[in-house]
Amino acid sequence: MTVVEAVEAYKTGRLESAAGATVPAHAGSRPALSRAAAAGPLLASAQTAAVAEAHRREEVAELERISVDLRRQLADVMGRISKLEEER
């Protein structure tokens, strides 16, 4: 029975009420899977790509911070060299 057929059967009153559970407890449960794994490989690859992109952006930001610090350090060193050369 398709979903459309089930909805139509429900609307027209052709479905019988179940007296209780028709399957064992937790019959539809899966072992603990990540949402990506449970949703299928396409979602998993999309999430993996999104995580990789986030890591790439974080690494670029960190490298930019390091670059700024290194430039500041280089400017300080060059200034000290100039000062020492002037003292000769």
(message) On the basis of being out of contact with any strand residue (DSSP E or B) (no Cβ under 8 Å at 6 or more places or on another chain), modelled with pLDDT under 95 and surrounded by 10 or more Cβ atoms within 10 Å (Cβ to Cβ), does Ala44 make the cut?
(response) yes
(request) Answer yes or no: is there a residue in the stretch 14-33 that is modelled with pLDDT of 85 or more and exposed (fewer than 10 other Cβ atoms within 10 Å of the Cβ). (result) no
(request) Go through the residues of the stretch 56-69 one by one and say whether even a single one is out of contact with any Ser or Thr (no Cβ under 9 Å at 6 or more places or on another chain), at pLDDT below 80 and surrounded by 10 or more Cβ atoms within 10 Å (Cβ to Cβ). (result) no
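The values are calculated or read from the model by the stated rules, or taken from the named source; none is laboratory data. What you see is a predicted model, and the numbers here were worked out from it, not measured in a lab. Cβ atoms come from the backbone with ideal geometry, glycine included; neighbour counts cover every protein chain shown.
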